[in-house]
Every structure is written in structure tokens, then in C-alpha cells.
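The values are calculated or read from the model by the stated rules, or taken from the named source; none is laboratory data. All of these numbers come straight from a predicted model, not from anything done at the bench. Don't worry about glycine lacking a Cβ; one is built from the backbone with ideal geometry, like all the others, and counts go over all protein chains shown.
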Amino acid sequence: MDRTFEKIEGKIVDVYVTLTDEQLEQLNKLTQITLEQVQTTSEIEDFEAMVNCTIKYGDKEEIRPVTKFKTGGMYARSNTKVGFNLKFEDKIFSRKSLRLRPGPNDRSYMREKLSADILNRAGLPSVQAEYARLYVNDKYYGLYTFLDAVKPFMVKKLFELDDKTEEMKLFQCKDTYMDLKLGSENKCIDAANETNTDLSELREFVNKVDKATSVEELEEVLDIDLFLKTVIFEWLIGSFDHFLILGHNFNWYKRPSDNKWCMLLYDFDNTFGYNLYGSSFNLPQSAVPYDYHTLTFKEFDSQINHKIFEYLIYKDDTRFKKNLKEVLVYAFNPTLLEEHIKEIRDFLLPYVVEDLTPVNGILPGRINKVGVVSYVSVNDFKTQTEILNYIKKRYDAVIEQYKFDKNEIERLAKSEKPISYFTIGAAQKKENEEKENLCWSREIGFVCCDKCNVLYVDDEGQWGIEDKYWCGINPDKCKYEEKECIKNKNGLNCCSTCEIHLTDATGRYGYENGEWCNTPFHCK
């Protein structure tokens, strides 16, 4: 599936963090948080420290000596088992930010993991999830879901952007009721630059969506198919904690290739019908109680009744049904998920046993002594069927509601190969690069260079040599600072002048202070 966590797929990751005695004391002090505090206090101080972190997986070991170790989560911080965030100075698994989530009340230990896998398999941009054990000063702190975070480095990888990309329109909607109505953009913050309070670009997007009266107008600013599949996913997994009901726990990202906005979800502990109640919906009173697991999309959206769906779904549901069918075929059906759930359960069992085995009468890592106690047992994990039962009930209801051919869906689910968003992003990147490579030199009979190594500059432009032939260097693809030069394998410095002493197939070289140096690219 072209996943970016392939190094740790099917492996347990061991995370070792070293704290000083003072830091450990501070951690224990700041994590004493009650449920009432979370519900009534807007600002709760986090524990945060720069630590030495070692990551082990399989036979690999990676050391990150400068790592920010911080408590994380919102409501989850009121539980006895605490969540953490890691921010690295140097990337690991193509990321700089990773999360350790405890899932204290998830008897399956797999809501986060399963949600991320379904998103990825449905071809949606998503976080990735595996599993990790945390050790603080070599003391075992328990089993966690190991996730990446929707941060700039993750987005660069996901959308195949250059690592040097600095400007990014990425907004995190953390507060509730970001519903695409005018003013709801104020529920979001700039996730690429936390010091920036300018929401004008997001506000412009919200204004255009709010004023749109047709699919065509929405298509100008929104990746409609991606958006539809994302809200379909929310509805199918029975999540009240994202866009459709509470209006938070997602990011808006403006994709630079076409300037369309994309929605990226995160935080999947309240999924597969968990904590789903009638108060989440605006439905007529009935003598017979509703089964909230089987609501139609419109019923599921009844609390907010988003204006955007009037044009995208309710007036003509052709496109909605097409996207729904694809999600059912590739990602959300019992044929696929029953097997996958069994795989995860079999893999996790010894680690769950370890996590739920008391040491001196206390479960590992349960450091919040005033927090909500989880009463999940090993037997609960072994015997729980709530997720699979939910999936089967939801799937059967959708097949009936939208008159799909069940046999066709299940036949295609076994034969059709899904395409993850990582694959889609790579294809888009290749297409963009092919367009960029149509440079000025083609007009005078020379091919374009694949690389940016300047060997000669004249009035036409910058030239290089590749495969023993001259080629033109595309200025749109290769942008340099005034004194920037190539850093070759010899590790030579950049020359301070443009005096050239040697030119060969590897570059142009000067000679200064008794040493060879690389000629800056701007030199003619």
C-alpha cells in the first residue's frame, strides 16, 4: 500500500526516554488531572522536556538525542494512563512529530489503527498508525498506539512536496463547530506557523464555500471527491468527533498543485459507534428508539445539516454514491476487515497481556492517580466483538439504503487493488515534474537536465552535462541563492568569487587559499 511506516509495519516499536529526577518529579506532578478539570479548565499545563530518545524496532536502533517529550491529548489526559507527543530535531520515518496514544477505554486497542488503515486503503490522505511500548528511565510505561501527526513534515511526505518547501497553508481545527459557515474559520489555527494569526486565506475559502450555489463553484476551491470520501468515512465508522457532528479534529490543507483545499482527519478514539448517542442527531421523536449505527447519511448530518451537502449530495447523489461504492469496495466491508481485525488481535495479544499485568499492584504507566480508571481486562480484549458487529451492521444498512449489489461489492473487494494517497501523491509529483522539465533549451534543440549541476552559463541560460550531452537547466525547478553552489562528494566549500580554474563533467571549480572550491551557480 506504499505506506510510509513500512519499516515498522507488523513490528512493535520500543521508545526509550531518559528524564532527570527533577523532570520525572515534574511529570508526576503535572499529570495529576481529574475529569472535572478537563471539562471546566481551558488551559491545563503540559509537562514538557528536551530528552534523549532511543527508538528500537526489529533489529534497528535509532538515537535522537534532542527530542521534545510532552504530554498530549485532550479529554484523554484525565485518564490514569497518559498520552505523549514526541518532536524530533532530525526526522524518523520521514516525520518530525509522532504521538503515543493510550486509548484507555478501547477494549479492542485498535480503533486508532483500524481507522488509519481504512483511510489509507480508501485512497485518502491520512495519518499512519502502528504500536509502541514506552519506557521512561528503562521503566515500562505500557502499550500505546504509535501515530504520526498532521504537521508540516508529515504533509510534505504525504503530498510529495520538497523538504525545502517553507510556505504551507495548513490549518488545524481543534475547537468545536468548524462547519464551513461564515466565521467558523476562527475555530482553527495556523498549524504550519503557530505564531501566525492571519486566517485570511482560510476565511476566503470558507466565504467561497458559503456563497457557492452549485457543484461547479465548489469544485473551484475544494477537492470534492476527497471531501466526499472523508465525510463518508466519518459516517461509516460512526464518529461524532470530526466534521459532521462536533466540527473539529481535522485540518484544512491548500494543495499547491491546484490550489484546492483538502480535509485531513486525526484522533480516532471515538469511532465505530463508541459514545454515539441520540443527542448527536436532530431526529423526530419516535415510539421506537433509533439504532444510531444504521442512520442514513442525511440523518447522521441532521444536527448541523451542512449547507454544502445540499449541492454535493441531496440534489443529486450520483457522485456521492460513486465515492461511497469505492470506499465500500476498497476499505469498508466485513470481507476485508474481519480478517484484518484478526491479524491485529493476534499480533497485539502478548503486548496487551503485558500492558494489563500489574507490577506491585499497579498497571504499567498509570501515573495519573486522580484520573479515570479503565477496567479493561485481557479477557475483554480477547472476546470483544463490538467493532466487527458494528461494521457488519453498518455495512448491511448501507447496502440496503443505497441499493448496492452486495455480491458485486464483495467480489470487487477481493479482486480490486486499492491505491493509497501516497501513490496518488507520487504520481502527481511525477506529472508536475514532467511539466517543469519542459524548459527553455528544448526550443533550441537540447534536452532538459534532470539535475541542477551548473557547468556553464551564457545568455541563453544555465547548462549542465548529463549522459555526456549538454542539457538546459530549468530555472523554475532549480532555484539558487546568489552564492549557492553544489556540495559534491569531496565536501568542498563554495568559492567567494567567480574565477574558474577547472571545468569537467562533475562541475566548475575555483582555487582559493590553497584549496579547491565549487564555483557558485550564478557565475557565468
Candidate set: the range 100-109, residues that are of a type outside the set (Asp, Glu) and not in a strand (DSSP E or B); chosen: the one surrounded by the fewest Cβ atoms within 10 Å (Cβ to Cβ): 105
Selection count, the range 14-40, where residues are surrounded by 13 or more Cβ atoms within 10 Å (Cβ to Cβ), β-branched (Val, Ile, Thr) and either not assigned by TED's automatic domain parsing to the domain that holds residue 147 or not in a helix (DSSP H, G or I) (or both): 6
Residues that are surrounded by 12 or more Cβ atoms within 10 Å (Cβ to Cβ), within 15 Å of residue 254 (Cα to Cα) and more than 22 Å from the chain's Cα centre (by Cα), drawn from the range 161-203: 203
Single condition residue 112 does not satisfy, out of (1) in the same structural domain as residue 258 (by TED's automatic domain parsing); (2) assigned to a helix (DSSP H, G or I); (3) touching an Asp or Glu at 6+ places or on another chain (Cβ under 7 Å): (1)
Residue within the range 327-344 that is outside the structural domain of residue 140 (by TED's automatic domain parsing) and under 30 Å from residue 138 (Cα atoms) present: yes
Selection from the range 209-226 of residues that are over 16 Å from residue 259 (Cβ atoms) and of a type in the set (A, V, I, L, M, F, W, C): 215
Where a residue in the range 64-85 is outside the structural domain of residue 100 (by TED's automatic domain parsing) and its partner, wherever it lies, is of a type in the set (D, E, K, R) and in a loop (DSSP other than H, G, I, E, B), with Cβ under 7 Å and at least six apart: none
Leading residue by the ranking (nearest to residue 107 (Cα to Cα)) among those in the range 269-307 that are among the hydroxyl-bearing types (Ser, Thr, Tyr) and surrounded by 13 or more Cβ atoms within 10 Å (Cβ to Cβ): 274
Counted residues, the range 382-395 - those being in contact with a helix residue (DSSP H, G or I) (Cβ under 8 Å, 6 or more places away or on another chain) and either surrounded by 13 or more Cβ atoms within 10 Å (Cβ to Cβ) or aromatic (Phe, Trp, Tyr) (or both): 8
Candidates 58, 73 - the one that is of a type outside the set (Lys, Arg) and touching a Gly at 6+ places or on another chain (Cβ under 7 Å): 73
Residue within the range 444-459 that is in contact with a Phe, Trp or Tyr (Cβ under 9 Å, 6 or more places away or on another chain), more than 30 Å from residue 157 (Cβ to Cβ), of a type in the set (Asp, Glu) and at pLDDT 80 or above present: no
Filter result for the condition that a residue is in a helix (DSSP H, G or I) and not assigned by TED's automatic domain parsing to the domain that holds residue 317, over 407, 379: 379
Residues of the range 176-225 classified as of a type outside the set (A, V, I, L, M, F, W, C) and within 14 Å of residue 247 (Cβ to Cβ), total: 9
